[in-house]
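Structure record follows, encoded as structure tokens.
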Amino acid sequence: MISIFNDVIGPVMRGASSSHCAAALRIGRLARDLMGGSITHVLVEFDVHGSLPATHTSQGSDMGLFGGLLGWDAADARLPLSPTHLQQAGVQVEIRYIDCHDPHPNTYRLTLSNGVERHTMIAISTGGGMIEVLEIDGARVSLDGGARVEIAGRVLHPVLPVQSNPQAVLPFRSCAELMALDGGREIPLWRWAVEYEMARGKLTDGAVHAMMVDIVRILRASIAEGIAGTSYADRLLGHQSGKFAEQMARGTLLDAGVLNRTVLYTTALMEVKSAMGVIVAAPTAGACAALPASCIAVAECREQSEDDMARAMLAAGLIGVFIAGPWTFAAEVGGCQAEGGSAAAMAAAALVTLAGGTLTQATGAASMALQSMLGLICDPVAARVEIPCLGKNVIAASNAVSCANMALAGYDAMIPFDEVVAAAASVAERMPREHRCTALGGLATTPTALRLSRELAARSAAAASGPGSRPGDE
């Protein structure tokens, strides 16, 4: 069952990609439990036809997986150095690319041993940090890390913030079901989000709200960190948000109203992500900025409270539930329409909520926002989640502001939200692999992008070979 805090607004994490860093870490945590914490050798196999051979190093799959094998959490400050820590712990890692035609592009095949016992695990990253374990020791399973499970004489502990509740009876699973249940009463979307999460996770109203307020505070701190300045060696873009803030203060930028603050906050969050700072995958790390930046910027301009921000983020989370259930947030499956498009839809609903709009206006804004981003490809330059990811987050946030105002003014979305999600999924099925986060198409294959990729590789090699070097720092 989809959870707002498990699947949509979260995890709180470090790294470039939730599909890579956070998901790999969760897989590693479960693998560690399977071995009782005693591991001396790990064989990791990736399908040559999937996304991971091209991205597991640059987008943090290795970092996350190794951190998970060490038992760390997704926001651990040591994560950038997890390969070194794993080696120091006496664990030998071997990575192979194999031709096995795995159905999912983000498939991890692990063989773990310690001289006494040996176990195998096959797991997939399904988007936004979510995972599914498909096989353990050759036996089919279906585990999402949301519950305590005993397998092969070992306990696999939960890796999700909201644990599974098999007895949960959800009030609705789709936007259409929600609208039918509301019956024209126009109960605010955020209120329905609370009802959903209370049923899904056996949580109280207060607990749901408090969890989201905590997330808002993490996000506001990350925005401030980004504007103050970040640095990291293995990145393409330097600190730019500070310059934007300076020009805003001087009044030299075009007067775009709340959009200027939104762009500033979007840039700041993306820079924190690229510097391995703490972010919230909302709904993913690659699209971590559009929703929180627009939500917090608009709320601040309207002099609204963190409670108001939390309610808006809850409304956004429920829109994400309606996407994650039938489809995905993973760019490896759906292109950037699955990440940036989803973020835009969620943000549009959040902004309508901040403005006191109706349930119909919030879902209509989400529909319009996603409609205008169908077909958006994922083509990260040098396999880093920076270019054109920054611009796509800005587009998503700008789209959200526009669609929120259109909905508030009474514009008709025409196509129901669930149908737009289905259309996006259909588009994804026809999208070539090269345009789904493999760095094999689009901007990633331009001459300049290829040059930047070579330069980053050379810089990383030089840093790794230097005496006393600490990879990642500047």
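The values are calculated or read from the model by the stated rules, or taken from the named source; none is laboratory data. If you're wondering where the values come from, they're calculated on a predicted model, not measured in any experiment. Reconstructed Cβ throughout: ideal geometry from the backbone, glycine too, with neighbour counts over all protein chains shown.
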Confirm whether Asn393 is surrounded by 24 or more Cβ atoms within 10 Å (Cβ to Cβ), on the phi < 0 side of the Ramachandran plot and not small (Gly, Ala, Ser). yes
Ala16 fails exactly one of (1) surrounded by 24 or more Cβ atoms within 10 Å (Cβ to Cβ); (2) in contact with a strand residue (DSSP E or B) (Cβ under 8 Å, 6 or more places away or on another chain); (3) not β-branched (Val, Ile, Thr), namely (2)
Counting only residues that are closer than 30 Å to Ala407 by Cα and either without any contact (Cβ under 8 Å) to a residue 60 or more places away in the chain or surrounded by fewer than 14 Cβ atoms within 10 Å (Cβ to Cβ) (or both), segment 423-433 contains a total of 3
Of all helices (runs of 4 or more DSSP H) fully inside segment 184-257, the set with 1 or more residues that are modelled with pLDDT of 95 or more, out of contact with any helix residue (DSSP H, G or I) (no Cβ under 9 Å at 6 or more places or on another chain) and closer than 26 Å to Ala315 by Cα is 189-201, 205-228
- [ ] Kindly check whether there is at least one residue in segment 189-207 that is free of Cβ contacts under 8 Å to residues at least 24 places away in the same chain and of a type in the set (D, E, K, R).
- [x] yes
Quick one: would you say Leu456 is outside the structural domain of Met179 (by TED's automatic domain parsing) and assigned to a helix (DSSP H, G or I)? yes
Per the list (1) free of Cβ contacts under 8 Å to residues at least 60 places away in the same chain; (2) of a type outside the set (Lys, Arg); (3) over 30 Å from Ile131 (Cβ atoms), residue check on Thr360 breaks on (1)
Filter result for Ala282 (outside any helix (DSSP H, G or I) and assigned by TED's automatic domain parsing to the domain that holds Ala348): yes
Over segment 79-103, the set of residues in a loop (DSSP other than H, G, I, E, B), within 25 Å of Thr126 (Cα to Cα) and in contact with a helix residue (DSSP H, G or I) (Cβ under 8 Å, 6 or more places away or on another chain) is none
Residue pairs within 7 Å by beta carbon, gap of at least six or interchain, first lying in segment 238-252 and under 20 Å from Val385 (Cβ atoms), second among the aromatic types (Phe, Trp, Tyr) and exposed (fewer than 15 other Cβ atoms within 10 Å of the Cβ), listed first then second, are none
